[in-house]
Each structure stands twice: as C-alpha cells, then as structure tokens.
Amino acid sequence: MGHTAVPPAPPTADGGGAPDGAGGERALRVSGRGPLRRFLTRPEVGSLLGAVVVFAVFFTIADPFRTGAAMATILYASSTIGIMAVGVALLMIGGEFDLSAGVAVITSALSASMFAWWFSLNVWVGALFALAVSLAVGFLNGWILTRTRLPSFLVTLSMFLMLQGINIATTRWVTQGVSTRNIADMDGFDSARAVFASTFSLGGVSVRVTVLWWLLFVALATWVLVRTRVGNWIYAVGGDQDAARAVGVPVAKVKIGLFMTVGFFAWFSGMHLLFAFNTVQSGEGVGNELLYIMAAVVGGCLLTGGYGTVIGAAIGAFIYGMTRQGIVYAGWDNNLVMFFVGAMLLAAVVINGWVRTQANRR
C-alpha cells in the first residue's frame, strides 16, 4: 500500500552486487535510465504529453489563443470541470465512480437559492443548508453502496435520476417556474460572490477566483494521497478492498468519505454557479458527470481503481479547457468539441494502458 500506484523499481538482474565489470556497467546504465523510466511510468505522463500537443496545435493555428485573456478564459473553463474532477479522481482511485455528480451540482445550487429565498434568509444560511444537502447525498450514495454491495454504476445512476426529478419538481413547486429567482439583492450575496465567483487582476488580465480554488484543492488532495495514511487507504481500497480490509483498513468509512468528498465539491461548484449567474436552471447539469470522469481518466485514473493522481485529473481538465476554447478561437465548428473530447478519452485509455503495462513490468 504505497503512496503512489507505481511500484518501486526492482533490483537489477545481477543483484546490484557487481561493482565493476559487465554487471557493474549494466547496473550503472539502468541507474542512469531510472529517473526517466520512473517519469514515463507515472499515471499522469500521458495526459501531460497530450496537453503539450493540444497547446502546441492551438497556439500555432489560432492567434487569439496566444493572448493572456484567452489563457484566463481557458483556465476558467478548466477550473469549472477541474474542481469537480478532484473529488471524482479521488473516488475513482478508491475504486468507485459517481454518475450523479453533474446533477448534484445543480441540486446544491437550487437548495441554497430556494431555501434562502423562501425563508428570506441571508444567502450564507442557504449555502450552509446546501452543504448539508450535498454531504447527505454523498453519504447516502456511499452508505447504500457499502450496505448493499451494489455496483456504484447502479447506485449513482439511481441517485442521478432521483436528483434530476427532484430538481425540476421542487423548483416548479417553489418558484412556479423552471429556474430559481434572482437573489442578487439578498443579504450576504456580495460577500458570497466574492468567495465563490469573483475575479481579480493578474498582469492586467481578469482571472476568476475559481482558478485559485482549483489549484488549492488539487494541492490539498495531492498532499492527502501522497503524505497521509488516508491516501494509503484510498489506494489500498481501490486496488483490492478485501486485502485492505484484512489488514485493518476501514473500507466502508473510506468509500463513504470519498462519496461525501464528491458531495463537498458538488456544493462548491454549485455555489459558484449560483453566485456567478444569480439564478439556476433546474434542468442543467445532465452530462457534466461524464466530463468529470473524462478528466480523471484522461489524467491516468483507472475505472478499476487503485491507480491515478489528482494532478493527472487536473491536467485532463486543462486539456478539456484548451480544446473547448481553442476550437472557438480557431474558428472551427463548436460542435466538434465533444468529438475531440471523445477522441482524447479513447487515446488516453490506450496510452494509460501502455503506461500501466510498463509500470507493472518494472
């Protein structure tokens, strides 16, 4: 149960005991290639190379792509997917995935908006209520999965359908429409917007605060995976939960905690959506869960669990942001975005499979 999914390098064939001669030379050659080999077998190396290629293509063919304002827009588009991809990547490393994540974002935004508006409360009270709702959804997903041992596909697909229906029905009941009321004039809105949806100037370019939150979340999640016992548990549960349970890992608690982590990021993304646009459409969010999973898979996470990094998922989200905006800057048909997303996903699966094979050989 290491901190990363890449196993340590095995000893050389000659045991490393020949200080000179042919055996010693072979050992020195292997040692010299060690850092490069270790780099090439990292889970995120495929996505990193893909990001370089995508950046080079659009940098070459699209003049607007080269501006600071364009990069700020790309980073914002990446952050809206990347924040959720942090939680989804952790969950996938733990051996599960969540099909309800997309609509859970909308559930969070709707809960905060309608609760504060209906009871005429400060919007921060609505945000706290939405946090409780989001964590409860995550807990319910994890609890059902661990109690019934059903596949996460079935559990979260059921939650996806239930949340989709609740979102639309509750919004119609409370607002008599399909969207929430504008809450821009309510108490606490300005301070909440400053936290979740503000902008700041960097070198004369306006950058969304979600970019900073995204980088912070990636750093914290990476620290948890690499430096803490919980990170060991996540990799162990994703790799072989029966073996993990046998050595004392609290498998059920880890899985429930991971689903609740996805719930937290759904809450944060929902708050950004609400305070950036003031209102929320109840039917939104459908399909976004696939983008979150795509970012994680492109970044090196395996659907089978036990392998991957949050940094890789961040790179996967960045590739999506570059592709989405790069196609616009290049003047191509915007409908091609999803084609390229699908092509990237397929290529990533092939490359990651090769990387995994190389890691296992080592």
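The values are calculated or read from the model by the stated rules, or taken from the named source; none is laboratory data. Note that the coordinates shown come from a computational prediction; the quantities given were computed from them, not determined experimentally. Methodologically, a virtual Cβ is constructed for each residue, glycine included, from the backbone with ideal geometry; neighbour enumeration extends over all protein chains shown. Heavy atoms of the whole protein, side chains included, go into the accessibility calculation; ligands, DNA and RNA do not. Shrake-Rupley method; radii C 1.70, N 1.55, O 1.52, S 1.80 Å.
The table that follows gives values for the structure above.
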| read-out | value |
| --- | --- |
| Residue match in region 92-100 (condition: part of a helix (DSSP H, G or I), in contact (Cβ under 8 Å) with a residue 12 or more places away in the chain and of a type outside the set (Gly, Ala, Ser)) | yes |
| Scan of region 226-247 for residues that are more than 21 Å from the chain's Cα centre (by Cα), surrounded by 14 or more Cβ atoms within 10 Å (Cβ to Cβ) and in a helix (DSSP H, G or I), ordered by number | 241, 244, 245 |
| Matching residues, region 191-239, being within 24 Å of residue 127 (Cβ to Cβ) and aromatic (Phe, Trp, Tyr) | 196, 200, 213, 214, 217 |
| Residues that are free of Cβ contacts under 8 Å to residues at least 40 places away in the same chain and crowded, with 22+ Cβ neighbours inside 10 Å, drawn from region 151-172 | 155 |
| Selection count, region 250-279, where residues are more than 19 Å from residue 79 (Cα to Cα), of a type outside the set (D, E, K, R) and either at pLDDT 95 or above or under 22 Å from the mean Cα position of the chain (by Cα) (or both) | 9 |
| Residue match in region 258-267 (condition: under 16 Å from residue 113 (Cβ atoms), open to solvent by 10 Å² or more (accessible area, probe 1.4 Å) and in contact (Cβ under 8 Å) with a residue 40 or more places away in the chain) | yes |
| Identity of the residue in region 119-150, of a type in the set (Val, Ile, Thr) and over 17 Å from residue 250 (Cα atoms), that ends up most open to solvent (accessible area, probe 1.4 Å) | 125 |
| All positions within region 199-225 that are part of a helix (DSSP H, G or I) and open to solvent by 50 Å² or more (accessible area, probe 1.4 Å) | 212, 213, 215, 216, 219, 220, 223 |
| Residue that is farthest from residue 95 (Cα to Cα) [pool: residues in region 286-304 that are in a loop (DSSP other than H, G, I, E, B) and open to solvent by less than 10 Å² (accessible area, probe 1.4 Å)] | 299 |
| Residues that are touching a Ser or Thr at 6+ places or on another chain (Cβ under 7 Å) and either closer than 30 Å to residue 159 by Cβ or surrounded by 24 or more Cβ atoms within 10 Å (Cβ to Cβ) (or both), drawn from region 59-90 | 76, 79, 80, 83, 84, 87, 90 |
| Residue within region 95-111 that is surrounded by 24 or more Cβ atoms within 10 Å (Cβ to Cβ), over 28 Å from residue 299 (Cβ atoms) and touching a helix residue (DSSP H, G or I) at 6+ places or on another chain (Cβ under 9 Å) present | yes |
| Selected residue (only one of 256, 293, 327 is touching a Ser or Thr at 6+ places or on another chain (Cβ under 7 Å) and not aromatic (Phe, Trp, Tyr)) | 256 |
| Qualifying residue in region 309-317 (condition: among the polar types (S, T, N, Q), surrounded by 16 or more Cβ atoms within 10 Å (Cβ to Cβ) and modelled with pLDDT of 90 or more) | yes |
| Selection from region 327-353 of residues that are within 22 Å of residue 300 (Cβ to Cβ) and either of a type in the set (D, E, K, R) or in contact (Cβ under 8 Å) with a residue 40 or more places away in the chain (or both) | 341, 344, 345, 347, 348, 349, 351, 352 |
